[in-house]
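Q: Got a structure for you, questions after.
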Amino acid sequence: MPDTTERASERRILLAYYSRAGENYYYGGRRILEVGNTEVLARMIRQLIACDVYRIEAADPYSDDYDATVDRNVREQNDNARPGIANPRTSISDYDTVLVGSPIWNSRAPMIMSTFVEASTSAARPSTRSSPTRSAASVQPNATTPPRHPAP
């Protein structure tokens, strides 16, 4: 039987993230960040694994002001908005694995992450590789895991 196991070095990995610098909440107060927290984490991951990195940029950039960003985020969540992406990817289908990172605003990912995931899943096509992969279509923002039911 032939070995169909892919080595990690042969896998294509995309790290897609959104990050916001500027005024941020920090341990009960606020502080100005030159680099957003998620970008710091993305850089650390990039040092640890071989991957392509895609920074998601808002077509209408979020304010550096914390309160203005909170207000906009609440409106976007209430409206179930899909903010535009300034630099959209045409496809993620060339990747075996897609890692997605973002801040958590008001208990969930910013709505721009829904824009990215939905655009990526609509453009995704089935993998032609011989090993099984998890498609981006199986990743849903704010999804919950269904309860397990015992086998009959």
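Every number in this text was worked out from the coordinates using simple rules, so none of it is lab data. These numbers were taken from a predicted model, which means no experiment stands behind them. Neighbour counts run over all protein chains shown; Cβ positions are idealised from the backbone, glycine included.
Q: With a 10 Å radius around each residue's Cβ, average the other Cβ atoms per peptide and rank 53-66, 98-111, highest first.
A: 98-111, 53-66
Q: On to the next question. If you add up the charges near residue 66, with Lys and Arg at +1 and Asp and Glu at -1, over every other residue whose beta carbon is less than 13 angstrom from its beta carbon, what do you get?
A: Details: positive: 20, 30, 31, 72; negative: 23, 64, 65, 67, 71.
Computed value for this residue: -1.
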